[in-house]
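Participant: Before I ask anything, let me first share the structure, which is written out below as structure tokens.
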Amino acid sequence: MTTADVSVRVAWVQDAAGIAAVQLRAWEQRYGDLAALIAGSDADDSRRLAAWEQYLTRPPEARYRALVALDRVRIVGFALTGPATDPDADPAVDGELAEFTVDPAELRKGHGSRLLQAGADTLRADGFTRVVCWIDSTDDAGRAFLEGAGWAPDGASRELADEKGAGAVKQVRLHTSLP
């Protein structure tokens, strides 16, 4: 019997390029024509890589973590965890799954489930008892996945746009308790 070599671990600075590539492919699938506006130019690619390297080297504080889902040594997804930053959050008990992304070509292979469980375990280990996640209002599959794992909408919503108001993306907030 053969089993796939799949895992989730804390991200290393050497993972920055793999994370940036997964993020860009997910944006292209998720946002279509808006992806070019969000992603920017080739110069933005090098800035994005540098931003990921900096985040992985010096996160904002100790409770901010990046996790990567791997298929052998290839990055197929990533998640960011840390204290919730919403105005109605208590950063002592409210954590946030700030980003949860699986490469579109790797969906439905168990990577998301492993990554979600590792994110919950990480947040619990950091002392959080509740967790929130913002998800695009049109991401029915992502929302169904999280709801199937026990998450539920809490009524909050927001709209993200660039400084000129272009590329607006509506999001809803889901939450769950960490037992």
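Participant: Mind checking which residues of region 114-133 are crowded, with 16+ Cβ neighbours inside 10 Å, out of contact with any strand residue (DSSP E or B) (no Cβ under 6 Å at 6 or more places or on another chain) and more than 17 Å from Pro83 (Cβ to Cβ)?
Facilitator: Scanning region 114-133 gives a single hit, Leu116.
Participant: Moving on to the next point. Within the set of pairs 6+ apart or on separate chains, which have a first residue in region 163-179 that is surrounded by 15 or more Cβ atoms within 10 Å (Cβ to Cβ), a second that is at pLDDT below 80, and C-beta atoms under 7 Å apart?
Facilitator: Listed by first residue and then by second, the contacts come to Gly167/Leu34; Gly167/Leu37; Gly167/Ile38; Gly167/Ala161.
Participant: Out of the residues in region 85-144 meeting the condition of being of a type in the set (S, T, N, Q), in a loop (DSSP other than H, G, I, E, B) and over 24 Å from Gly32 (Cβ atoms), tell me which one is nearest to the chain's Cα centre (by Cα).
Facilitator: Thr85
Participant: Output the residues belonging to region 91-110 that are farther than 15 Å from Val6 by Cα and surrounded by 15 or more Cβ atoms within 10 Å (Cβ to Cβ).
Facilitator: Pro91, Asp94, Gly95, Glu96, Leu97, Ala98, Glu99, Phe100, Thr101
Participant: For region 134-145, give me each residue that is buried (at least 19 other Cβ atoms within 10 Å of the Cβ) and farther than 20 Å from Thr85 by Cα.
Facilitator: Gly142, Phe145
Participant: Within region 146-162, track down each residue that is loosely packed, with under 14 Cβ neighbours inside 10 Å and among the hydrophobic types (A, V, I, L, M, F, W, C).
Facilitator: Those that are loosely packed, with under 14 Cβ neighbours inside 10 Å and among the hydrophobic types (A, V, I, L, M, F, W, C): Ala152, Leu160, Ala161.
Participant: Would you mention how many residues in region 46-68 are over 13 Å from Ala16 (Cα atoms) and either part of a strand (DSSP E or B) or among the β-branched types (Val, Ile, Thr) (or both)?
Facilitator: Total satisfying the criteria: 1.
Here is a yes/no grid of residues against (1) at pLDDT 90 or above; (2) within 15 Å of the chain's Cα centre (by Cα):
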residue	(1), (2)
Arg9	yes, yes
Ala36	no, no
Ala39	no, no
Asp42	no, no
Ala50	yes, no
Leu56	yes, yes
Ala66	yes, yes
Val73	yes, no
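For (1) modelled with pLDDT of 95 or more; (2) under 21 Å from Lys109 (Cβ atoms), each residue gets a yes or a no:
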residue: Asp136; (1), (2): no, no
residue: Ala144; (1), (2): yes, yes
residue: Gly148; (1), (2): yes, yes
residue: Gly165; (1), (2): no, no
residue: His175; (1), (2): yes, no
residue: Pro179; (1), (2): no, no
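The values are calculated or read from the model by the stated rules, or taken from the named source; none is laboratory data. Not measured: the values here are computed from a predicted model. Here the Cβ is made from the backbone with ideal geometry for all residues, glycine too, and neighbour counts use every protein chain on show.
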